[in-house]
Amino acid sequence: MSAGPDENGRERIVQASKPADDAEIVAGEQTLEERAQSVASQTDGFEEVQARDLRPRRFQDYVGQRAVVDSISIAVMASKKRGDTLDHALFHGPPGLGKTTIAHIIARELDSLLVHTSGPALERPADVVGLLSNLKKGDVLFIDEIHRLSHAVEEYLYSAMEDFRVDFMTGSGAFAKSINLPLQPFTLIGSTTRAGMLSAPLRERFGLAYHLDFYSTEELAQVVTRSAGILEVDIDSDGAHEIARRSRGTPRISNRLLRRVRDFAEVRNAGTINSKVAAEAMEIEGVDALGLDRLDRLYLTTLSKNYQGGPAGIHALAATINEDQQTLEDVVEPFLLKIGFIIRTPQGRRTTPEGFEHIDLPPRLDGPAGQGTLL
Ligand SMILES: Nc1ncnc2c1ncn2[C@@H]1O[C@H](COP(=O)(O)OP(=O)(O)OP(=O)(O)O)[C@@H](O)[C@H]1O
Ligand SMILES: [Mg+2]
């Protein structure tokens, strides 16, 4: 499932992409390491991936998101002290801000096994029942894209989360039997880019819920510097800040740009990466001074030119750009909203004067609804 190289390759992680098959993996009296190792060994290039992993492993290495880290680390310490399982926790926010990373850190700080799955991977109720019944006390079940769980699967989670049991039916007709299966106390960590799409009953069952916000340039410069250290890339502080400024507030993008800049510097024999080298490399990548990439600019130009700055509906925009609507909503829009280049109104999306200015268009003074975009 979701696992890119960054998402994988950690000790003590079980990838439960095919939950039914994992019964074998998590069953038995193996130690945590053995249980994880048996899965890790099935992953191609595991060592390689691990060596290159840029993910922070402990709270102290996790840059930024201070309020979130302070709160969750207290909850983790308290539950460890009490010998309790941690409350279920939900992380939401735009892609690449560190939701998966923090879930993995929590499991590590708890000395727990993390079983990694995702909403779309849990197709049938049997998948989730199999997965839940194999959890041991204190294990962390991580469900990525939890907003994409099917309704049927979600219903099983309610009692699992609240009372650590699942009720399910076997057989049918006269042979139907209700089975009540007790579970070991576990911690569910959910991650989503769309908190609004979670049903209220599911959302309410998380004792801890956190929103991750975009990072500041200073924080991203720290991310770049840290990653450069791991990748053994020679970069000065100005170079790190240049990458940080163009990272759309997102550490995943910082790491990606750092790799591209490194390639460029190697090919050009540029030596230490300074802001000039970094800027040149990123221009070639199509990343502008504010970090907008080609898709961001295409969105902005389409809205501003084709739709005269809106209001335009997301369906229409997606069709014009020929891009998936969800990508636009999850990846492109949050940052354009954050920097004030677009606004969302009940009638649709509109370009702001700053947005027009960025793509060198004069701001439009009157909209179809008579609302000036200069207001
Ligand atoms: N606070 C942080 N400090 C340092 N690096 C970070 C931090 N947060 C994220 N990263 C880096 O950014 C990358 C992306 O983070 P992660 O995969 O956790 O994002 P995500 O929120 O789960 O995204 P998605 O919604 O796409 O699943 C990680 O590989 C990690 O290297
Ligand atoms: Mg993730």
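Things worth noting here:
- By the equivalent-ellipsoid construction on the alpha carbon gyration tensor, segment 268-324 comes out with semi-axes of 33, 10, 7 Å, ordered largest to smallest.
- Equivalent-ellipsoid semi-axes of segment 46-169, from the Cα gyration tensor, Å, largest first: 26, 18, 14
- For segment 235-375, the equivalent ellipsoid derived from the Cα gyration tensor has semi-axes of 33, 15, 12 Å, listed largest first.
- Straight-distance crosslink candidates among lysines, where the alpha carbon sits under 30 Å from LYS81 and sequence neighbours closer than 8 are dropped: LYS99, LYS136, LYS137
- Whole-angstrom Cα spans of segment 61-129 along principal axes, big to small: 36, 32, 15
- Scattering curve values for segment 110-251, log₁₀ I(q)/I(0), Debye with Cα scatterers, q = 0.09, 0.13, 0.18 Å⁻¹: -0.42, -0.71, -1.00
- Segment 156-214 and segment 51-94: distance between their alpha carbon centers, rounded to Å: 21
- The alpha-carbon of LYS305 sits under 27 angstrom from the alpha-carbons of these lysines, leaving out residues fewer than 8 places away in its chain: LYS338.
- Each 10 Å bin from zero holds the following percent of Cα-Cα pairs in segment 217-284: 26, 63, 11.
- Expressed per residue, the C-alpha convex hull volume of segment 262-301 stands at 60 Å³.
Every number here is computed from the coordinates shown, using simple stated rules; none is lab data. Small disclaimer: the values here were computed from a predicted structure and weren't measured.
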